[in-house]
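Input: a single structure, listed below in structure tokens.
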Amino acid sequence: MKNQLKVENISFNYLNKKILLDINFEYEDRGVIGLLGPNGSGKTTLMRILVGLKTPKTGQVLLNNKSILNNRKELVNTVGYLPQNFEIYNYISGLDFLSYVCDIKGLNNKEKKEQIDYLVEKFNLSSVIKKRFGSYSGGYKRRLGIAQAMIGNPQFIIIDEPTVGLDPEQRFEFRQYLAGIGKESIILISTHIVEDISFYCDKIIILNQGKITFDGYRDDLIEIVDGKIYEGIINIEEYDKVKENFKIIEQSGSERGKVKLRVICENNNISDRFTKVKPSLENAYVYFQGR
Ligand code: ADP
């Protein structure tokens, strides 16, 4: 069955401060939506509204045509959420916590055992699962958090900064895993790690100061920036001058005394030591942020 997520006219204020302004987007079927934006742009607030933890000032969130806000109890099974700072009581074991979440989601004993065994194996938690949460490293805490979000095979999964706290190998494994479940559910992740986006995101939404500034597919984002990115190697003494005239979006060391730069130039008016290059997703994202 196709899943459908519809976000309609969501706005949110803290006192008089506008945090989200008229957020609209929709997504059908399955796949991973990447929510990008600088700190303070409203990503966490939006995610908390999407899972029904916060009530918006206006608008509604529909999952398969049912309002998440009016059907929180019924939809507890269909939604999985991992907040950015996942913490539970230190004295509870991972196993007891997963079992508790299974109970909340109404799983019977057989389903509970199957789910927990599957998730413990999937996230390599067997060495710690019976130990108290307080003894877990940051990586294990994160993995337990991800496991609990997956309980009950939710159709809609929201993860705030999924790969933070994971080491490079776990990060790679987790990305593969997420790409796998993205084939069955709608997953929305917030991240500022562009590698996360390029690995598995189908759709990208960029949030800036509470407004959506881009909503589309990865290739569309790159296409908008295509033709505006140049690369060149300059002497280090020329750096300040280049910086004065162009926005530098990427920089790496080159030979001694030289530096390799990528810059934005919208009008072709640039020294011929710079050549036009195909923008990376990261370049496109930085370009968008600067607008
Ligand atoms: P992001 O997740 O993109 O970093 P947030 O949703 O956490 O953004 O925050 C959006 C804005 O809301 C920020 O300006 C932040 O300062 C403000 N904000 C967040 N929580 C509160 C709160 N409890 N009270 C007042 N302002 C808040």
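A single member of Y81, Y136 is under 23 Å from the mean Cα position of the chain (by Cα) and open to solvent by less than 60 Å² (accessible area, probe 1.4 Å), and it is Y81.
The set of residues in segment 30-77 being within 16 Å of the ligand (Cβ to nearest atom) and of a type in the set (V, I, T) consists of I33, T44, T45, I49, V51, T55, V61. Selection of segment 254-291 for residues being over 19 Å from L221 (Cβ atoms) and either hydroxyl-bearing (S, T, Y) or at pLDDT below 85 (or both) yields S254, E255, R256, N268, S271, T275. Give I187, I222, I249, I204 a once-over and let me know the one that is within 16 Å of the ligand (Cβ to nearest atom) and either of a type in the set (S, T, Y) or closer than 29 Å to D160 by Cβ (or both). Of I187, I222, I249, I204, the one residue that is within 16 Å of the ligand (Cβ to nearest atom) and either of a type in the set (S, T, Y) or closer than 29 Å to D160 by Cβ (or both) is I204. Would you confirm whether or not segment 117-129 contains a residue that is open to solvent by less than 20 Å² (accessible area, probe 1.4 Å), closer than 15 Å to Q148 by Cβ and more than 25 Å from the chain's Cα centre (by Cα)? Looking for residues that are open to solvent by less than 20 Å² (accessible area, probe 1.4 Å), closer than 15 Å to Q148 by Cβ and more than 25 Å from the chain's Cα centre (by Cα), one finds at least one in segment 117-129, hence yes. The selection criterion, being within 15 Å of the ligand (Cβ to nearest atom) and part of a strand (DSSP E or B), holds for L20. Residues in segment 11-24 that are open to solvent by 10 Å² or more (accessible area, probe 1.4 Å) and either of a type in the set (A, V, I, L, M, F, W, C) or without any contact (Cβ under 8 Å) to a residue 40 or more places away in the chain (or both): F12, Y14, L15, N16, K17, I19, L21. Counting residues in segment 116-130 that are polar (S, T, N, Q) and closer than 15 Å to N153 by Cα gives zero. Consider segment 192-225 and keep the residues that are more than 26 Å from R175 (Cβ to Cβ) and surrounded by fewer than 18 Cβ atoms within 10 Å (Cβ to Cβ). The one that is modelled with the lowest pLDDT is Q209. In this entry, E223 passes the filter for residues that are closer than 26 Å to S41 by Cα and out of contact with any Asp or Glu (no Cβ under 8 Å at 6 or more places or on another chain). Screening L107 with (1) within 12 Å of the ligand (Cβ to nearest atom); (2) surrounded by 16 or more Cβ atoms within 10 Å (Cβ to Cβ) gives one miss only, at (1).
Tell me, yes or no, whether segment 160-170 has at least one residue that is buried (at least 18 other Cβ atoms within 10 Å of the Cβ), within 16 Å of the ligand (Cβ to nearest atom) and not in a loop (DSSP other than H, G, I, E, B). Yes: one or more hits.
Would you check if S137 is farther than 28 Å from S190 by Cβ and in the same structural domain as I49 (by TED's automatic domain parsing)? Spelling it out, it is not the case that S137 is farther than 28 Å from S190 by Cβ and in the same structural domain as I49 (by TED's automatic domain parsing).
Of all residue pairs spaced 6 or more apart or on separate chains, none has beta-carbon atoms under 9 Å together with a first member in segment 173-196 that is assigned to a strand (DSSP E or B) and a second member that is among the small types (G, A, S) and open to solvent by 20 Å² or more (accessible area, probe 1.4 Å).
Can you find even one residue in segment 27-50 that is touching a Phe, Trp or Tyr at 6+ places or on another chain (Cβ under 9 Å), in contact (Cβ under 8 Å) with a residue 24 or more places away in the chain and polar (S, T, N, Q)? Yes, segment 27-50 contains at least one residue that is touching a Phe, Trp or Tyr at 6+ places or on another chain (Cβ under 9 Å), in contact (Cβ under 8 Å) with a residue 24 or more places away in the chain and polar (S, T, N, Q). Restricting I229, I236 to residues that are surrounded by 13 or more Cβ atoms within 10 Å (Cβ to Cβ), more than 27 Å from L188 (Cα to Cα) and touching a Lys or Arg at 6+ places or on another chain (Cβ under 7 Å) narrows the list to I229. Residue count for segment 4-17 satisfying the condition of being in a loop (DSSP other than H, G, I, E, B) and more than 13 Å from the ligand (Cβ to nearest atom): 0.
The values are calculated or read from the model by the stated rules, or taken from the named source; none is laboratory data. Keep in mind it's a predicted model, so treat the numbers as computed, not measured. We place every Cβ from the backbone using ideal geometry, glycine too, and count neighbours over all the protein chains shown. Only protein heavy atoms, including side chains, enter the accessible area calculation; ligands, DNA and RNA are left aside. Shrake-Rupley method; radii C 1.70, N 1.55, O 1.52, S 1.80 Å.
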